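Below is one structure, written out as structure tokens; comments come after it.
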Amino acid sequence: FGWAGRDPRPGTRREGRWLLGTGTAAASFPSGALPSTAAVTAEADGTFTVRIAAADIGTGARTALTLVAADALRVAPDRVRVHIGDSDFGPAGIAGGSMGTRSWAWAITAAAGELRDRLGP
């Protein structure tokens, strides 16, 4: 945005009668995470199945979790099937307060990493 080429002296940039300034800002949104569990299995056909009691309330959780699992497994997303919404899969945090995907992703990443380590290179 031209930071390096700006004149750093105050009051030197003008547009008509207006003084112009350049600045930067940063922000963060505090978001927690809830305990969640996930299971990842390798299937005979070379695909992987993720099971988690997460809920997709229209926010794209299934897609996001597919991508998280694929990344953790180091495979293409089309090799991952995500099954969500069944409480038999173990506890999973709520879909709300910007916590769902974060909580579930950590559980999936851990489970996928453990499976990847078991399967070896």
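The values are calculated or read from the model by the stated rules, or taken from the named source; none is laboratory data. Owing to the predicted nature of the structure, the values given are computational and were not obtained by experimental measurement. Cβ: placed from backbone, ideal geometry, glycine included. Neighbour counts: every protein chain shown.
Here are a few things to note about the model shown:
To keep it simple, each residue is scored yes or no on (1) in a loop (DSSP other than H, G, I, E, B); (2) aliphatic (A, V, I, L, M).
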| site | (1), (2) |
| --- | --- |
| Asp45 | yes, no |
| Ala55 | yes, yes |
| Ala72 | no, yes |
| Val75 | yes, yes |
| Val82 | no, yes |
| Ala92 | yes, yes |
| Gly96 | yes, no |
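To keep it simple, each residue is scored yes or no on (1) within 20 Å of Gly113 (Cβ to Cβ); (2) at pLDDT 90 or above; (3) out of contact with any Phe, Trp or Tyr (no Cβ under 6 Å at 6 or more places or on another chain); (4) hydrophobic (A, V, I, L, M, F, W, C).
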| position | (1), (2), (3), (4) |
| --- | --- |
| Pro30 | no, no, yes, no |
| Thr41 | yes, yes, yes, no |
| Asp56 | no, no, yes, no |
| Val68 | yes, yes, yes, yes |
| Met99 | no, no, yes, yes |
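- Of all residues in the stretch 67-113, those satisfying the criterion of being farther than 15 Å from Arg51 by Cβ and of a type in the set (Asp, Glu) are Asp71, Asp78.
- Near pairs, Cβ below 9 angstrom, 6+ apart or cross-chain, from the stretch 17-45 (surrounded by 10 or more Cβ atoms within 10 Å (Cβ to Cβ)) to any residue that is part of a loop (DSSP other than H, G, I, E, B) and among the acidic types (Asp, Glu): none
- Options Thr12, Thr22: the member that is farther than 27 Å from Ser87 by Cβ and in contact with a Phe, Trp or Tyr (Cβ under 7 Å, 6 or more places away or on another chain): Thr22
- As a summary of the residue check, Arg62 satisfies the conditions (1) under 22 Å from Gly113 (Cα atoms); (2) in a loop (DSSP other than H, G, I, E, B); (3) out of contact with any helix residue (DSSP H, G or I) (no Cβ under 6 Å at 6 or more places or on another chain) except for the one numbered (2).
- The number of residues in the stretch 74-121 that are farther than 21 Å from Pro30 by Cα, touching a residue at least 24 places away in the same chain (Cβ under 8 Å) and not charged (D, E, K, R) comes to 18.
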